[in-house]
Amino acid sequence: MVSITDGDTLVASVHGKNEIIRLLNIDTPETKDPNKPVECLGAQATSFLRGLLPVGSKIKLQYDVERKDKYDRTLAAVFTPGSTFASADIARAGFGTAVAIGKNTKFLPPVKDAEKEAKASARGLYDPSISCTLPAQVADVSDSLETATATSAGSTAAATSSLISVVAPAITTAKSLRTLLQTGKTSTNMVVWAAFDDLELATHIKSLSAQIETAESNLAALKKTETSLAKAEGEAAAKKLAAEAAAKVEAAQAKAAAEEQKRVEAAAKAQAEAAAAEAERIRNLPPVYVPPAPAPYVPPVQDTGGAYPGYNGPRCYAPGGKTWRPC
């Protein structure tokens, strides 16, 4: 053993010459393709092969019909000194899938049996607890759809909108996975798709479709409730604003009335105080002097000297005797 390239490829010294050996009848997740990201469990598959075939250890190679692949790699079944078939061990650990390489099928049956064992035990690529595996993706999406279907509207439009923001992406993710499942297995993704046979694949697609339909129905109900709550909250807010405005007007009017009442009362008080002060002033004035009334006039009794009535004293006549004056 010279080095491990990835989960199904190594470099070994054969007759003193290094050869790239492609393990027969096993395909592991890609780690070296510059045009692809490292695939699910690719690094683990490589580590597993390193542990199984340590650098420097001796290995046994057995060949089938075709000795070279299109990349000029040597095609061989690799065994440990203890006769452990490496490809079968990789498949049994769930780090690869059984595959026929060209016409080389001689060593395929034990790899297929090991693959079935890994699947039955849910190891590696078949483990639903490993997030990157296809079973895990299907389980996660199914759980998310169940949650989306069971989600009830919140008590407010905002709370319901928040729930919608969780339900809607779950449906989108489920649709993407359904599309992936419907696209199905190709020659470039066989390792990942080893998790499901055709019947299992059809069953998962059918189940996802039913869950998506139910979740979409619930999403529509949530959106309808959100709209209804938003309308009711808007009307309630408008009523509250109107009530607050009316209360402000009423308060202002009450304040103005109270101030006017205070002004009237203050004016009445001032008027009363002024009247009381004037009354007090008048009460304290000195009495007005009122002169005694004159005695009634009594004309003097004229002395007639015993003359006849109407006599009013001697008369002095002017010359001519026409006018006179008392003398």
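Only the coordinates and a few stated rules stand behind these numbers; no lab work does. What you see is a predicted model, and the numbers here were worked out from it, not measured in a lab. All Cβ positions, even for glycine, are placed from backbone atoms using ideal geometry, and neighbour counts span all protein chains on display.
Filter the cross-link list LYS119/LYS175; LYS32/LYS60; LYS17/LYS119; LYS116/LYS206; LYS70/LYS116; LYS60/LYS112 down to pairs whose alpha-carbon distance in this structure exceeds 31 Å.
LYS17/LYS119
Using the Kirkwood radius built from alpha carbon pairs, what does the Stokes-Einstein equation give as D for region 194-257 at 4 °C and 1.567 mPa s, in µm² per second?
78 µm²/s
List, largest first, the extents of the alpha carbons of region 131-236 along their principal axes, each in whole Å.
61, 22, 18
Starting from the Cα-Cα distance between ARG281 and GLU235, subtract it from 0.36 nm times their residue separation and give me the gain in nm to one decimal.
9.8 nm
Convex hull over the alpha-carbon atoms of region 74-197: what's its volume per residue in Å³?
Considering the Cα atoms of region 74-197, their hull volume per residue is 127 Å³.
Between SER47 and GLN182, take the C-beta separation as r, use R0 = 45 Å, and let me know the FRET efficiency to the nearest 0.05.
Efficiency, from the Cβ-Cβ distance: 0.85.
Report, in degrees rounded to the nearest 10, the 0 to 90 angle that the Cα long axis of helix 134-150 makes with the longest principal axis of the chain.
30 degrees
What lysines sit close enough to LYS240 to cross-link, taking a C-alpha to C-alpha distance under 26 Å and skipping anything fewer than 8 places away on the same chain?
LYS223, LYS224, LYS231, LYS248, LYS255
How much net charge surrounds LYS32 when only other residues with a Cβ under 13 Å from its Cβ are counted (Lys, Arg +1; Asp, Glu -1)?
Summing Lys and Arg as +1 and Asp and Glu as -1 gives -2.
Could you calculate the contour length gain from LYS17 to THR74, that is, 0.36 nm times the residue separation minus the distance between their Cα atoms, to one decimal place in nm?
19.3 nm
Project the alpha carbons of the chain onto their principal axes and report the range along each, largest first, in whole Å.
206, 42, 40
Between MET190 and SER217, what FRET efficiency comes out of the Förster formula 1/(1 + (r/R0)^6) with R0 = 35 Å and r the beta carbon distance, rounded to 0.05?
0.45
Do you know the relative contact order of region 1-116, to the nearest whole percent, from alpha carbon pairs under 8 angstrom that are 6+ apart?
Once normalised by length, the contact order is 28 percent.
So if each residue of separation counts as 0.36 nm, and I subtract the Cα-Cα distance between ASN35 and CYS327, what length gain in nm does that give?
88.1 nm
Let's test the formula: R0 of 30 Å, r as the Cβ-Cβ distance of THR147 and GLU117. What FRET efficiency results, to the nearest 0.05?
Here the calculated transfer efficiency is 0.35.
Counting alpha carbon pairs within less than 8 Å and at least 6 residues apart, what relative contact order, in whole percent, applies to the chain?
11 percent
Tell me which aspartates and glutamates have Cα within less than 18 Å of LYS36's Cα, excluding those fewer than 8 residues away on the same chain?
Cα-Cα hits under 18 Å: ASP6, ASP8, ASP27.
What 222 nm value per residue comes from the helices of the chain, counting each DSSP H run with n ≥ 4 as -39,500 (n - 2.57) and dividing by all residues, nearest 500 deg cm²/dmol?
Theoretical 222 nm ellipticity from helices: -18000 deg cm²/dmol.
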